[in-house]
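Visitor: Submitted below is the structure of interest, expressed as structure tokens.
The values are calculated or read from the model by the stated rules, or taken from the named source; none is laboratory data. Small disclaimer: the values here were computed from a predicted structure and weren't measured. As a convention, Cβ positions derive from the backbone with ideal geometry for all residues, glycine included, and neighbour counts pool all protein chains shown. Quick note on the areas: whole protein, heavy atoms, side chains included, nothing else; ligands and nucleic acids left out. Shrake-Rupley method; radii C 1.70, N 1.55, O 1.52, S 1.80 Å.
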Amino acid sequence: MSGSELMKTAIEIVKNSIESVLPDRAVKDTLKDLNLQDVFLVSVGKAAWRMAKAAFDVLNGKIRKGIVITKYGHSEGPIDDFEIYEAGHPIPDENTMRATRRVMEIVEELNEKDTVLFLLSGGGSALFELPMEGVSLEELQKITDSLLKSGANIEEINTVRKHLSQVKGGRFAEKIFPARVVTLVLSDVLGDRIDVVASGPTSPDASTSEEAIRILERYRISVSNEVKKALLKETPKHLSNVEIHVLGNVQKVCEAAKKIATEKGFNSEILTTTLDCEAKEAGRFIASIMKEIKFRDRPLEKPAAVIFGGETVVHVKGNGLGGRNQELALSAAIALEGVEGVVLCSVGTDGTDGPTDAAGGIVDGRTAKILKEMGEDPVEYLENNDSYNALKKAGALLKTGPTGTNVNDLIIGLVI
Ligand SMILES: Nc1ncnc2c1ncn2[C@@H]1O[C@H](COP(=O)(O)OP(=O)(O)O)[C@@H](O)[C@H]1O
Ligand SMILES: O=C(O)[C@@H](CO)OP(=O)(O)O
Ligand SMILES: [Mg+2]
């Protein structure tokens, strides 16, 4: 197999794996079992449009009102008479608040006979938000931006978000009470911490005010007195009106990748579904495993596919453009320079990696060489967190557009 054929194979495995975790089927199957009548549908997150459409297709006639809030560019047209909103991500904006207020207007009227069907996917933290009284949107945006660049993981970031919000950390379910809420979650959080996915609007909160304060201190983020005051108010730890079902996660996409790669003749193994270290360290480590396979045929014999799922972090210190998958791919490209018969592909299953239009990167032994031949230093790009521009120059960006799902990041290494 030539180098470009191997790249094509990697892209095919990735795309088919993502296809297999589109939420449609899981939403439909779960709803058929639940037999709900007369629901208020609220769908929030990057996969919100697709989840709402699937629910509409199976519940048709049993939905009294439908509202969808998703990221800009992620809705795919009208669904019946649903209200469909797009808003800012990963930082909430005015449209986030406008759409969330609309949801609150509707649920606050409900009584114990009513049911809210809440369809939730990652991205919801930015898309569904009304800050606590005294906390301005501007300050919340600043704190979110600092946390996202600090290297803090999603559990830490969302511990702070929950305590500054009127709808996160179970507070949305509290507002819905005495009505009932049935939540279907597509998980993009490692270990399926459902109180962390989209900051758990309908989950009893496992985090505390004290932890939120400690996290801000740990990452040296200073906040106003109003924010300090808001943080002290504790989130609900028990909720009696909630039922939650998990539909999909990073395990499922990794299992699909393993199956597809095996069918294509690769000795395939999932090495982890909880990759959570610094992106560039992960890239280097994965490259070292691929070289072990290439030169020593272990832990798998060639042809081999190694599969990783997770969510790495990036301490963004430079002023470049990129995302954690692109950064991982660029780092791997540096470590794989000159090695033949290896391809590494790292993507966000939602189709966007960091504030860019790429889903991730696809690199091989030629990628770093191509950059050097152009007079560019890949290490400098990596240090400036400018993986997007490095991979763009080398023709190594992978673009899928919004995929309709969101189960975190998938990394595949092929070795022949
Ligand atoms: N220049 C950059 N290089 C690498 N990563 C970046 C850069 N700028 C932002 N990021 C990372 O992108 C993350 C947000 O990306 P995004 O793909 O929206 O995350 P998610 O898919 O988890 O919502 C931030 O947490 C930040 O760490
Ligand atoms: O909304 C969120 O809190 C996170 C985790 O679920 O999602 P994303 O990383 O896609 O923004
Ligand atoms: Mg995330």
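Visitor: Would you be so kind as to identify which of G134, L371, G73 lies farthest towards the positive end of the dipole of the chain, taking Lys and Arg as +1 and Asp and Glu as -1 on Cβ and the Cα centre as origin?
Guide: L371
Visitor: What relative contact order, as a whole-number percentage, does the stretch 208-363 give when Cα pairs under 8 Å and 6 or more residues apart are counted? It would help to have the intermediate numbers written out before the result.
Guide: Working: 203 pairs, mean separation 30.2, N = 156.
Contact order relative to length: 19 percent.
Visitor: Where the only charges are on Cβ atoms (+1 Lys, Arg; -1 Asp, Glu), what is the dipole of the chain about its Cα centre, to the nearest 20 debye?
Guide: On the way: 51 positive and 62 negative charges, 70 e Å.
My answer is approximately 340 debye.
Visitor: Heavy-atom accessible area of T349 with all protein chains present, probe 1.4 Å, nearest 10 Å²?
Guide: 0
Visitor: Assigning unit charges at the beta carbon (Lys, Arg +1; Asp, Glu -1) and nothing else, what dipole magnitude in debye, to the nearest 20, does the stretch 36-248 show about its Cα centre?
Guide: Details: 27 positive and 32 negative charges, 54 e Å.
In debye, rounded to 20, the stretch 36-248 gives about 260.
Visitor: Charges on Cβ only, +1 for Lys and Arg, -1 for Asp and Glu, centred on the Cα centroid of the chain; of G310, S125, A256, which one is farthest towards the dipole's positive end?
Guide: Highest projection toward the positive end goes to A256.
Visitor: Just to confirm, what accessible area per residue do you get for the chain at 1.4 Å probe, in whole Å²?
Guide: Numbers: 16910 Å² over 416 residues.
Per-residue accessible area for the chain comes out at 41 Å².
Visitor: Before anything else, pin down the relative contact order of the stretch 36-248: Cα pairs under 8 Å, at least 6 apart, normalised by residue count, whole percent. Please list the in-between numbers first.
Guide: On the way: 453 pairs, mean separation 44.1, N = 213.
Normalised by residue count, the contact order of the stretch 36-248 is 21 percent.
Visitor: Modelling each spin label as a point 7 Å along the Cα-to-Cβ direction, I'd like the E301/N95 distance in nm, to one decimal.
Guide: Placing both labels 7 Å along Cα→Cβ, they lie 5.4 nm apart.
Visitor: Restricting to DSSP H runs of at least four residues, report the calculated mean residue ellipticity at 222 nm for the chain, -39500 (n - 2.57) per run over all residues, nearest 500 deg cm²/dmol. Write down the numbers at each step before the final one.
Guide: Details: 16 runs with 169 residues, N = 416.
So the helix-based figure for the chain works out to -12000 deg cm²/dmol.
Visitor: Can you work out the FRET efficiency for the pair E76 and N225, with r the C-beta to C-beta distance and R0 = 41 Å, to the nearest 0.05?
Guide: Numbers: r = 44 Å, r/R0 = 1.06.
Once the sixth-power term is evaluated, E becomes 0.40.
Visitor: Any idea how far apart H315 and D38 come out in nm if each label point goes 7 Å out from Cα toward Cβ?
Guide: 5.7
Visitor: Going down the table (K8/K291; K15/K280; K46/K372; K62/K259; K71/K302), which pairs top 29 Å between alpha carbons?
Guide: Over 29 Å apart, Cα to Cα: K46/K372; K62/K259; K71/K302.
Visitor: If the chain between K291 and E12 were fully stretched, how many nm would it gain, using 0.36 nm times the residue separation less the Cα-Cα distance?
Guide: Details: separation 279, 0.36 × 279 = 100.44 nm, distance 2.24 nm.
That works out to 98.2 nm of additional length.
Visitor: Just reorder H163, H315, H245, H238 by solvent-accessible area, largest first, 1.4 Å probe, all chains present. All intermediate terms of the calculation are to be shown ahead of the outcome.
Guide: Working: H163 0, H315 75, H245 55, H238 165 Å².
Heavy-atom accessible area, descending, gives H238, H315, H245, H163.
Visitor: If you fit an axis through the alpha-carbon atoms of helix 279-296 and take the longest principal axis of the Cα set of the chain, what angle between them do you get, 0 to 90°, nearest 10?
Guide: It works out to around 40 degrees.
Visitor: I've got another one for you. With r as the distance between the Cβ atoms of V379 and T208 and R0 = 25 Å, compute the FRET efficiency 1/(1 + (r/R0)^6) and round to 0.05.
Guide: E(calc), rounded to 0.05, equals 0.05.
Visitor: Quick check: at a probe of 1.4 Å, how many percent of the accessible area of the chain sits on carbon and sulfur atoms? Write out the running numbers ahead of the final one.
Guide: Working: 8000 of 16910 Å².
In the chain, the share of accessible area belonging to carbon and sulfur is 47 percent.
Visitor: Probe radius 1.4 Å, ligands and nucleic acids left out: which of F285, F266 has the largest accessible area, and how do the rest follow?
Guide: Correct descending sequence by accessible area is F285, F266.
Visitor: Let me ask you something else. Counting DSSP beta bridges in the stretch 36-248, what percent are antiparallel, to the nearest 5?
Guide: Bridges in the stretch 36-248 are about 5 percent antiparallel.
Visitor: Right, next: Among I91, N111, V167, flag the residue with its Cα farthest along the positive direction of the charge dipole of the stretch 36-248, charges on Cβ as +1 for Lys/Arg and -1 for Asp/Glu.
Guide: So the residue we want is I91.
Visitor: While we're on this one: How high is the relative contact order of the stretch 278-379, in percent, counting Cα pairs under 8 Å that sit 6 or more residues apart? List each step's numbers first, then the result.
Guide: Values: 158 pairs, mean separation 28.3, N = 102.
Result for the stretch 278-379 is 28 percent.
Visitor: Mind checking the angle between helix 94-107 and the chain's longest principal axis? C-alpha axes, 0 to 90 degrees, to the nearest 10.
Guide: Computed tilt is about 40 degrees.
Visitor: Please figure out what share of the DSSP beta bridges in the chain is antiparallel and state it in percent, rounded to the nearest 5. Intermediate results must be reported in sequence, preceding the final value.
Guide: Working: 22 of 59 bridges.
Close to 35 percent.
Visitor: What's the angle, to the nearest 10 degrees (0 to 90), between helix 209-218's Cα axis and the longest principal axis of the chain?
Guide: It is inclined by approximately 40 degrees.
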